1. So for the pair Ile29, Asp63, with labels modelled 7 Å out along Cα→Cβ, what separation do we get in nm?
2. What's the extension gain from Lys79 to Ile92 if we count 0.36 nm per residue and subtract their Cα-Cα distance?
3. From the Cα gyration tensor of segment 14-53, with a ≥ b ≥ c the square roots of its eigenvalues, which class applies: rounded if a/c is under 1.5, or else prolate if a/b is larger than b/c, or else oblate?
Amino acid sequence: MATINSLKAPMSYRRKVILGCILLSCSMICILMTIIFLYVSNTANKRVEEIRADYRIIAARRDDRVDLLTSQVSALQHKLDVIPDRIADKTITKVKKVVIEKEVPSAKPTEKP
């Protein structure tokens with residue numbers, strides 16, 4: 001009597017071909033998914049660059065507008081700083097006139113006696 005020590009049943013040729021086809025199809029799916037991912041990623045990167053370019057243009061316009069508004073505000077601030085000086089000058093001249101007018105009549109009555 002001959003005993004077989006092998007517990008494994010031999011695989012048939014057909015099973016090996018089916019297993020190979022399954023593994024090949026899985027690897028093809030992985031390759032296809034990688035290609036799709038790269039395409040989508042590339043398209044998304046292009047779109048992101050377009051959006052960044054748009055925002056750069058918008059930021060440049062905003063900076064130009066800020067510069068314009070800054071110059072306008074500084075001009076208005078200069079005008080507002082000049083106004084108190086002019087008012088103070090006008091007030092000083094009016095006060096001097098009033099003081100001179102009050103001094104002149106008070107000097108005349110003292111000269112008469």
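None of the figures in this text is laboratory data; all of them are computed from the coordinates on show. Note that the structure is a prediction, hence the values are computed from the model and not measured. Cβ sites come from the backbone with ideal geometry, for glycine too, and all protein chains shown count toward neighbours.
1. Once both label points are built, they end up 5.1 nm from each other.
2. 2.7 nm
3. Prolate, because a/c is 1.5 or more and a/b exceeds b/c.
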